[in-house]
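Here the structure comes first, spelled out in structure tokens, and everything after it is commentary.
Quick note: the coordinates plus some simple rules give every number you see, no bench work behind them. Predicted, not measured: the structure shown is a model, and the values here were computed from it. Virtual Cβ from ideal backbone geometry, glycine too; neighbours counted across all protein chains shown.
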Amino acid sequence: MSGQVCILYTGGTIGMRPTPQGYAPQPGYLHELMATMPEFTHADLPRYTLIEYPELLDSANMRPWHWQRIAEDIVARYAEYDGFIVLHGTDTMAYTASALPFMLEGLGKPVVLTGSQIPLCRVRSDARDNLITALTLIAHEPIPEVCLCFGNRLLRGCRATKVDAAGFQAFDSPNYPDLGSIGVTIRVHKDALLPAQPAPVLKVQPLSDANVGALRLFPGIQAEFVANVLRSPVQGLVLETYGMGNGPSSDTALLDVLRAAHDRGVVMVNCTQCLRGQVDQGGYAAGAALAAAGVVSGMDMTVEAALTKLIYLFSTGCSVQEIRQRIPVNMRGELTGPYERLGGRSTGI
Ligand code: ASP
């Protein structure tokens, strides 16, 4: 077993304690609690340093500049530790887990996001297992990527999405296999991991205030409503479409609105509302109409990955044209490219 783990405690249920107003974080409390639990100083676990954020957040209050702070904290301590745990509320954990892989350029060590549905101070908490598993993974496995460890599952961060508001298995990775199996034995599936980065230096891509959003289509959605959503200064929109990426192709007013937004330089990304599966804008005329209006395929990205990829790409200073080209191309394992589909899991006849 190796080294030391840095735990960045950003907030979330895991460190909360009961108050008359409901669960709330309290500065210093998680640190004190862990110090009273013998398992966290057990020889089977690596030593850790807990860094508590000055403002412990319910993750519903997270914003992109919080992701930036987390990324910068990892970079500042990168050489000192074997890996990082980010303790985070579950509500927006999948967004942070999607943003960090884009921002952290040259990552070669594990960054594991975890948290819990019940605070660590409760007897029947899932926090203890989640945290012990995350510590164990970092001590024993060279995982050169951002992952999310929760409810005995190890998922790629930018493939994860929250699927259960109260269950202990709160996250799923609908379009990519788990990175490991966690049971009596913990096994990391090495062939599912990203290749280790040769870059010795980790860098952060700072995020700019990109103006992006997401819009879920529904039967009867009005062209005027979509036009209002797409008004300037919107730069990017994830359009959550039906099935394999279909929209109302008979609504010419709506298609005109999309075409006009495209011509103004708005980047529109097609992601399916379905939990599983891939957008294929050539599969149906209803999908082809969106492509003709300038909507680019988000392939099998989660909405979390598509949104954070948009923010990242706008922050890099790429032109709109370059962003449209890069959206359907795999950067950090966030989507399954056509080649991988043919060569791998989802070949069909
Ligand atoms: N509302 C909490 C949060 O996201 C829920 C949790 O931690 O599970 O911070």
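Let's test the formula: R0 of 56 Å, r as the Cβ-Cβ distance of residue 19 and residue 331. What FRET efficiency results, to the nearest 0.05?
Once rounded, the FRET efficiency stands at 0.85.
How much length would be gained if the chain were fully extended between residue 196 and residue 292, taking 0.36 nm per residue of separation minus their Cα-Cα distance, in nm to one decimal?
Going from the current span to full extension adds 30.7 nm.
Could you rank the peptides 43-52, 7-16 by their average count of other C-beta atoms within 10 Å per residue, with the highest value first? Let's see the in-between values first.
Values: 43-52: 14.7, 7-16: 25.3.
So the peptides 43-52, 7-16, ranked by packing, come out 7-16, 43-52.
What distance in nm separates the two pseudo spin-label positions at residue 216 and residue 72, each 7 Å out from Cα along the beta-carbon direction?
Result: 3.4 nm between the two label points.
Would you mind estimating how fast the chain diffuses translationally, via Stokes-Einstein at 4 °C and 1.567 mPa s with the Kirkwood radius over Cα pairs, in µm²/s?
62 µm²/s
Any idea how many Lys pairs in the chain come in under 23 angstrom at the alpha carbon, given 8 or more places apart or on separate chains?
Final tally of qualifying lysine pairs is 5.
Once the Cα atoms of helix 64-77 and of the chain are each reduced to a long axis, what angle between those two axes, in degrees from 0 to 90 to the nearest 10, is obtained?
50 degrees
Mind computing the radius of gyration and Dmax over the alpha-carbon atoms of segment 1-42? Å is fine for both.
Computed over the Cα atoms of segment 1-42, radius of gyration and Dmax are 12.6, 43 Å.
Can you give the percent of C-alpha pairs in segment 1-136 whose distance is more than 18 Å? List each step's numbers first, then the result.
Numbers: 4718 of 9180 pairs.
Beyond 18 Å sits 51 percent of the P(r) for segment 1-136.
So if each residue of separation counts as 0.36 nm, and I subtract the Cα-Cα distance between residue 285 and residue 165, what length gain in nm does that give?
Working it through step by step, the gained length comes to 39.6 nm.
Under a plain spin-label model, where a point goes 7 Å from the Cα along Cα-to-Cβ, how far apart in nm are residue 225 and residue 82?
Calculated label separation equals 5.3 nm.
I need the calculated FRET efficiency for the pair residue 263 and residue 181, taking r as the beta carbon distance and R₀ as 45 Å, to the nearest 0.05.
That pair, residue 263 with residue 181, gives E of 0.40.
Contact order normalised by length for the chain, with contacts defined as Cα pairs under 8 Å and 6 or more residues apart; what percent is it?
Relative contact order, the chain: 15 percent.
For segment 164-267, what relative contact order do you get, as a whole percent, if you take Cα pairs closer than 8 Å and at least 6 residues apart? Walk me through the numbers before you get to the answer.
Working: 70 pairs, mean separation 21.7, N = 104.
It rounds to 21 percent for segment 164-267.
For residue 4, project a label point 7 Å along Cα to C-beta. Then give me every residue of segment 117-138 with its amide nitrogen under 18 Å of that point.
Inside the label zone: 135-136, 138.
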